[in-house]
Amino acid sequence: MLSGMPDLTTIKVSRSLRERISRDAAQRGVTAAALLGELLDSYEREQRFAAVGKAYAESPDVGYAEETGAWDAAIADGLAE
């Protein structure tokens, strides 16, 4: 490998998926690799939050469920973010 060159590889995806990735990356003004990285980062973050939420939900601490219920109701109040 040449010095300074990134360690690249390929993945096999359907043509339609490749086109979707390319289109969405272009719309965001990023490379396909950057888009995939952003999407994977977001997915992994959601998974971590889901795991934390599950752990808290399974906790015997009733106060947490009451407090998060109030927050969930506030989030669903219909106000713009």
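The values are calculated or read from the model by the stated rules, or taken from the named source; none is laboratory data. All values derive from a computational prediction rather than experimental measurement.
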**Request:** Identify all residues within region 1-21 that are at pLDDT below 95 and of a type in the set (S, T, N, Q); write none if there are none.
**Result:** Ser3, Thr9, Thr10
**Message:** If I ask for residues that are modelled with pLDDT of 80 or more and not in a helix (DSSP H, G or I), which ones from region 23-81 would you list?
**Reply:** Gly29, Val30, Thr31, Glu58
